[in-house]
1. Go through region 234-260 and give me each residue that's assigned to a helix (DSSP H, G or I) and either among the basic types (Lys, Arg) or more than 27 Å from Leu336 (Cα to Cα) (or both).
2. Any idea how many residues of region 71-98 are surrounded by 14 or more Cβ atoms within 10 Å (Cβ to Cβ) and either outside the structural domain of Ser380 (by TED's automatic domain parsing) or of a type in the set (Lys, Arg) (or both)?
3. Could you tell me which numbered condition Asn439 fails, if it satisfies all but one of (1) touching a Cys at 6+ places or on another chain (Cβ under 9 Å); (2) at pLDDT below 95?
4. List the number of the failed condition for Glu119; all other conditions in (1) surrounded by 14 or more Cβ atoms within 10 Å (Cβ to Cβ); (2) in the same structural domain as Phe170 (by TED's automatic domain parsing); (3) farther than 30 Å from Pro339 by Cβ hold.
5. What number of residues in region 13-34 are closer than 22 Å to Ser380 by Cβ and free of Cβ contacts under 8 Å to residues at least 12 places away in the same chain?
6. Would you check which residues across region 57-81 are of a type in the set (A, V, I, L, M, F, W, C), in contact (Cβ under 8 Å) with a residue 60 or more places away in the chain and more than 24 Å from Lys364 (Cα to Cα) and list them?
7. With the requirement that a residue be under 18 Å from Gly235 (Cβ atoms) and in a loop (DSSP other than H, G, I, E, B), what does region 17-61 give you?
8. Tally time: how many residues in region 140-169 are closer than 23 Å to Gly327 by Cβ and either in a helix (DSSP H, G or I) or among the basic types (Lys, Arg) (or both)?
Amino acid sequence: MAPTLSPPDLVARLQSKEPLLWLNPNLGSALPDARPSFKQIVEAEQRLERCEALLANLFPDDICGPLESRLDCAAPLKRALMPPDGDQGAWFLKRDDTLPVAGSIKARGGFHEVLAVAESIAMRHGLPDIDADARLLASAQARALFARHRIAVGSTGNLGLSIGVLAAAFGFEIVVHMSSDAKPWKKERLRQRGVQVVEHDGSYSDAVAAGREEARALPHCHFVDDEHSLLLFLGYAAAARPLARQLAQAGRVVDAGHPLVVYIPCGVGGAPGGIAYGLKALFGPHVHCFFAEPVASPCMLVQLAAAGDQAVSIYDIGLDNKTDADGLAVGQASLLVSPLMASQLSGIFTVSDEQLYRQLQQAKDAMDIDLEPSAAAAISGPSWLCGSVEGRAYVRDHELDLDQATHVIWATGGSLVPREEHRRFQAHAQMLANRSATNPACAD
């Protein structure tokens with residue numbers, strides 16, 4: 001029997017796999033008592049800052065400053081997607097697809113967790129002067145220590161890349177558990193870095209469960225649990241303050257009269273949830289966060305719409321989790337993140353695979369940016385807010401002046417994708433466009 005979701009027709013709408021915008025009826029409710037503190041977010045920021053020189057030493061060809069991405073003006077994308085009448089604010093693209101070394105949003109949480117684990121092990125074993133100079137974590141003495149420890153993670157690809165590459169650079173034994181359908185180039189990139197890749201039949205959640213179970217039985221093994229990790233979450237939350245600085249540098253004010261609207265692709269929920277949580281801690285009611293999920297895998301939407309403490313999966317309502325957005329193909333949302341988002345998330349919109357490819361091509365045509373399909377999921381966010389019945393209701397109810405708004409679309413990955421894969425993405429997008437042109441019934 002399918003779970004009860006709110007509103008009453010939601011299950012049927014989700015089962016139809018027609019894209020939709022769901023507004024969170026619990027926005028503004030009380031946060032749970034057990035929640036990350038602002039102090040913990042600041043500590044994560046400080047850890048990433050003090051390790052900047054360490055990361056630059058470990059990856060001299062890739063990192064020459066903070067682990068941060070650009071905030072690009074997306075006016076060309078706005079012109080391509082929005083009707084010419086009406087201003088409806090300024091668009092920006094947050095370029096986490098260009099984050100160094102890992103090439104995706106997962107570098108934020110993944111690097112933070114590995115750094116925290118390395119610091120903890122070093123201090124526990126009495127390595128001197130780590131607090132004064134984090135670069136000592138790359139010393140021969142530290143590497144010999146880390147070689148006796150294992151880090152493991154379950155991943156569809158991008159989190160495994162971020163964890164695997166940094167853990168291997170420190171000298172950890174590193175194992176990445178991946179579903180067998182994860183992208184072959186991601187597995188090969190990990191193996192080239194000396195990472196052990198273990199493939200599992202089944203879904204992302206199956207790979208995570210297998211990795212978690214193996215790690216429990218091993219001494220000196222730290223399992224990076226994408227579904228439950230506070231360290232990952234805090235690393236993502238630390239993205240808020242750098243974004244605030246970038247907005248200020250761009251002359252964008254965030255207050256009651258100048259709302260900030262952020263659109264982020266969502267898989268299990270750790271990365272978008274952490275970013276949203278950090279932004280809400282800084283901007284409170286003046287920031288409005290929306291997630292984008294595939295029509296086949298709206299796990300956070302299903303969990304929040306169920307509005308209960310029990311875990312609810314997309315499989316419980318008959319969805320199949322089959323999507324080309326591999327990083328977003330998750331059946332069950334994080335139960336660490338979903339209770340926090342129940343009070344902080346404005347809404348979730350869903351996207352079909354056809355839309356993913358169309359939006360991927362729009363980013364290429366308008367801004368010459370190569371994204372992987374999952375990274376293009378959020379591009380339709382402003383259109384939902386400005387052009388749908390539900391979006392306009394949200395704008396009206398929250399008294400938003402969209403002409404004064406700043407829209408930030410989070411691009412989450414793509415710079416490490418091989419050129420032939422990008423060509424395949426774009427060819428598929430062109431094929432879909434041609435099919436829609438010859439048969440309008442095939443268009444969304």
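The values are calculated or read from the model by the stated rules, or taken from the named source; none is laboratory data. A quick note: this is a predicted structure, and the numbers were derived from the prediction, not measured. Cβ: placed from backbone, ideal geometry, glycine included. Neighbour counts: every protein chain shown.
1. The answer is Arg241, Arg245, Gln246, Leu247, Ala248, Gln249.
2. Selection size over region 71-98: 3.
3. If we test Asn439 against (1) touching a Cys at 6+ places or on another chain (Cβ under 9 Å); (2) at pLDDT below 95, just (1) comes out false.
4. Unmet for Glu119, out of (1) surrounded by 14 or more Cβ atoms within 10 Å (Cβ to Cβ); (2) in the same structural domain as Phe170 (by TED's automatic domain parsing); (3) farther than 30 Å from Pro339 by Cβ: (3).
5. 2
6. Leu58, Phe59
7. Correct list: Arg35, Pro36, Ser37, Cys51, Phe59.
8. 12
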